[in-house]
Structure formats: C-alpha cells, structure tokens
Amino acid sequence: MNIVEEHRTEVRVQDTVYRIEVAAREGGGAAGEDRWVTVMVGGAGPQQEPVAEGRLDIDAEAVPALATVLSDTLMAFAGRSGGGGNRRRRSADRPPRQGLPWSEELDAELESRWLAGESVEEIARRFERTPGGIRARLPRVGCDPERRGAYLPVPPSQREAGGLG
C-alpha cells in the first residue's frame, strides 16, 4: 500500500500535548482503487504520561460522516453537546459539500455557470457550498467575483506588448 498524502498536527492544551497523524493510502484492491485513511491519535500529560492513544482505519468515503459522528459523540460524552467552551462548532445546517476539494469538472462547471450569468447564491445552491466559498473559488478559475459573467482582467505585466511604440 502506498501513502498518497500525510498530515501531522500537534496541539498543546494547557499541559497536555496531543498528536494527530492522518495518512491517506491506496488499498490493495484488485483495481487498486480502494482508498483508506489511517488516523493515529496520541497525547501525553505534563509528566509524559499517556492520556490518549489509538488508531482508526477508515474507508476514505466514510471520513466526513465518521468525523461528524466522532466529534458529536465525544462532545456529548464530555458534556459539551452544545459546542460550549472555547471550541467553535460548525453549524449543523452547513452545506453538505462545504470544505470538500474541487475537481477539474466542478471548476469547469463553476466557470461556465458564472459566465452564463448565474448569481453566486444560485451557484452555491447547485454546488451545495456557501456563497463565500463560491466567491473565493471564482478567481481560481479566472472569473471576476465582482462582475457576474466576467473573467478577471489580465494584469498589465502579463499583457502582450501592443504596437504603441
């Protein structure tokens, strides 16, 4: 199995240090198309005593749902089901695709819809994302988020030299 992506995070909360390592890897399926994510969690207190350790192997398609379930369950167990404390909790009614990666096909459709004159709100509903997410993505596909149906202008430094000489 080949690791295709890795992320490591270390966070200190008071005197405890927590580590989370996430590795996405290709599975050993017949077509090699299975993608799995391994999550390893560890934590050590002020005297280096372990306070958390564990490993989860998750089918990549199940990661978003399991992340929500784990978060909700742990917060409820800790007596903070309302998202109290200093942790900001995402709205339960957030768009389903908010924060997910964009594909080339989605980028092409975004560009096409913008140039056809659709509003940010219409596009956000279609893509199940926030209007802010759409506005942030438009420049990445060359579109001007301030002018519906328009591309971004070419900066002067990248314009071809004209016959003004």
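Could you tell me whether the range 77-96 includes any residue that is modelled with pLDDT of 90 or more, basic (Lys, Arg) and farther than 22 Å from Val11 by Cβ? Spell out the reasoning first.
Taking the range 77-96 as the starting set, the residues that turn out to be modelled with pLDDT of 90 or more are none.
Within the range 77-96, none of the residues are modelled with pLDDT of 90 or more, basic (Lys, Arg) and farther than 22 Å from Val11 by Cβ.
Going through the range 90-106 one residue at a time, which ones are among the charged types (D, E, K, R), assigned to a loop (DSSP other than H, G, I, E, B) and surrounded by fewer than 11 Cβ atoms within 10 Å (Cβ to Cβ)?
Result: Asp93, single match.
Residue by residue through the range 111-141, note down the ones that are within 21 Å of the chain's Cα centre (by Cα) and assigned to a loop (DSSP other than H, G, I, E, B). Walk me through how you get there before you give the answer.
Within the range 111-141, the first condition is being within 21 Å of the chain's Cα centre (by Cα), and the residues that meet it are 111, 120-121, 123-141.
Within the range 111-141, Glu128, Arg129, Thr130 meet the criteria.
Filter the range 144-158 for residues that are in a loop (DSSP other than H, G, I, E, B), surrounded by 11 or more Cβ atoms within 10 Å (Cβ to Cβ) and over 24 Å from the mean Cα position of the chain (by Cα) and give the result. Step through it out loud before you land on a result.
The first filter runs over the range 144-158 and keeps only residues in a loop (DSSP other than H, G, I, E, B), leaving 144-150, 152-155.
Restricting the remaining residues to those that are surrounded by 11 or more Cβ atoms within 10 Å (Cβ to Cβ) gives 144-145, 147-150, 152.
Arg147, Arg148, Gly149, Ala150, Leu152, listed by residue number.
Are any residues in the range 108-165 free of Cβ contacts under 8 Å to residues at least 12 places away in the same chain and among the hydroxyl-bearing types (Ser, Thr, Tyr), and if so, which ones?
Ser112, Ser157
Which residues, taken from the range 107-143, are under 23 Å from Val154 (Cα atoms), surrounded by 14 or more Cβ atoms within 10 Å (Cβ to Cβ) and aliphatic (A, V, I, L, M)?
Leu110, Leu115, Val120, Ile134, Leu138, Val141
Starting from the range 39-62, keep only residues that are more than 30 Å from Glu26 (Cβ to Cβ), then list their pairs with residues that are of a type in the set (Lys, Arg) whose Cβ atoms are within a distance under 9 Å, requiring at least 6 positions of separation or different chains.
Listed pairs, sorted by first residue: Ala44/Arg19.
The values are calculated or read from the model by the stated rules, or taken from the named source; none is laboratory data. All of these numbers come straight from a predicted model, not from anything done at the bench. Ideal geometry is used to build each Cβ from the backbone, glycine not excepted, and the neighbour counts take in all protein chains shown.
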